[in-house]
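Just below is one structure, and these are the notes that go with it.
Rule-based calculations on the coordinates, nothing more; no lab input. Everything quoted here is computed from the prediction, not taken from an experiment. So basically every Cβ, Gly included, is an ideal-geometry build from the backbone, and we count neighbours across all protein chains shown.
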Amino acid sequence: MVTVVTIDKAGRIVIPKDTRKAQGIRPGTRFLLVEGRDGRLWLQRLDARELAERIQEELKGVDLRPLIAKVEAEIERLAADRYPSLVRR
């Protein structure tokens, strides 16, 4: 569906009712606004549950232990740099 919309004085764009209904957009729905080249803008709905499910599906069978170990080591390094008196010995 292609629709022309207008921005109001407060900077708001109204998503037409038919589009909101078709897309399941309700008050409080969050979007990511991406500024592209040549004045292009993209609006992407942010659905935390959908995103988590997609990530979980993509990571099936992937061993995350090396990544987790790397993140934990980095956390320990940052903590030691910022709070040396709290370093476990």
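I need the shape label for region 38-89. Rule: rounded when a/c is under 1.5, else prolate if a/b > b/c, else oblate, with a, b, c from the alpha carbon gyration tensor. The partial results should precede the final answer.
On the way: a/c = 3.43, a/b = 1.73, b/c = 1.98.
It comes out oblate by the Cα gyration axes.
Round to the nearest 10 and give me the degree value, 0 to 90, for the angle of helix 48-58's Cα axis relative to the longest principal axis of the chain. In the chain, helix 48-58 runs at an angle near 60 degrees to the longest axis.
Only one residue of 19, 71, 44 has its Cα farthest out toward the positive end of the dipole of the chain, where Lys and Arg carry +1 and Asp and Glu -1 on Cβ, and that residue is 19.
From the Cα gyration tensor of region 1-52, with a ≥ b ≥ c the square roots of its eigenvalues, which class applies: rounded if a/c is under 1.5, or else prolate if a/b is larger than b/c, or else oblate? Cα axes put region 1-52 in the oblate bin.
Here residue 60 is the anchor, and the lysines within straight C-alpha reach of less than 30 Å, apart from those fewer than 8 places off in the same chain, are 70. For the chain, a Gaussian network of Cα nodes joined below 10 Å ranks 46, 32, 67 by mean-square fluctuation, and the top entry is 67.
FRET efficiency for residue 18 and residue 63, Cβ-Cβ distance as r, R0 = 41 Å, nearest 0.05? Once the sixth-power term is evaluated, E becomes 0.35. Segment residue 41..residue 72, full-extension length gain: 7.5 nm, with 0.36 nm per residue of separation and the alpha-carbon distance subtracted. Where (i) 21.1, 77; (ii) 12.2, 35; (iii) 21.6, 64 are the candidate values, the label of the one calculated here for Rg and Dmax of the Cα atoms in Å is (iii).
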